[in-house]
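Below is one structure; the comments refer to it alone.
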Amino acid sequence: MRLALFDLDNTLLGGDSDHAWGDYLCERRILDPVAYKQRNDGFYQDYLAGTLDLQAYLAFSMEILAATAPAQLDEWHRDFMRDCIEPIILPKAEALLRQHREAGDHLLIITATNRFVTAPIARRLGVRTLLATECEIIDGRYTGRSTDIPCFREGKVTRLKRWMLENGYDLQGSSFYSDSMNDLPLLEQVERPVAVDPDPKLRAEAERRGWQVLSLRD
């Protein structure tokens, strides 16, 4: 069975779920709508520029998970899905997932965004296999720390190779869809790399290498 790999943010979604979660918390004044938003926006610009200090960002973004009871987090996330994620689910992305599903491919979302934010989104999209940055949980509560190798840049390659070894898959006939130059290490590994609504650096790289460039936006 071939693997069909998908980045999530700005690929299957018409926006960034990690950044949107921070905005959601600020708009509801769960977190400081000025100070937190300013830092959240700054980290997002660093990500777009390819200069993100991932560990600093994870410590910042996961602090709210440790400070909040799981039941409250789940309630917030249900509202977040309804108000922030549903409007940015792209019909063409759902059609692409359906196309690969009907072709018999194994669908896998691989994302740097943490599992708390992304697991419900993957379920909504009907994708059972999710590789994401992991959130540490002890005694049923988040600690505010990440665990395992962050699913970011070369970390995506490492996490995917481990998953393939454990589950009996390889990259023969594989595809990977991504918008970001941060995903170049994994795009270079698959047989069919596809740049989806790519950032300028990835677009230039895709054109130089003759990779397919695709838009899922209306």
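The values are calculated or read from the model by the stated rules, or taken from the named source; none is laboratory data. Keep in mind that this is a model prediction, so the values were computed, not measured. Because the Cβ atoms are built from the backbone with ideal geometry, glycine has one as well, and the counts that use them run over all protein chains shown. Only protein heavy atoms, including side chains, enter the accessible area calculation; ligands, DNA and RNA are left aside. Shrake-Rupley method; radii C 1.70, N 1.55, O 1.52, S 1.80 Å.
Farthest toward the dipole's positive end in region 1-119, which of Leu73, Ser61, Ala49, given Cβ charges of +1 (Lys, Arg) and -1 (Asp, Glu) about the Cα centre? Result: Leu73, furthest along the dipole toward the positive end. Model label sites at Glu27 and Lys92, defined 7 Å from Cα along the beta-carbon direction, differ in position by 2.4 nm.
On a per residue basis, the chain carries 47 Å² of accessible surface, using protein heavy atoms and a 1.4 Å probe.
When each of the peptides 177-189, 133-145 is scored by how many other beta carbons lie within 10 Å of its residues on average, the order from highest to lowest is 177-189, 133-145. A crude spin-label estimate for the pair Asp218 and Ile137, with each label 7 Å from Cα along the Cβ direction, gives 3.6 nm. Per residue of the chain, the DSSP helices (runs of n ≥ 4 H) give a summed -39500 (n - 2.57) that works out to -14000 deg cm²/dmol at 222 nm. Calculation over all alpha carbon pairs of region 81-218 in 5 angstrom steps from 0 returns a P(r) of 2, 9, 17, 21, 23, 16, 8, 3, 1, 0 percent. Carbon-plus-sulfur accessible fraction, region 19-91 (probe radius 1.4 Å, protein heavy atoms only): 53%.
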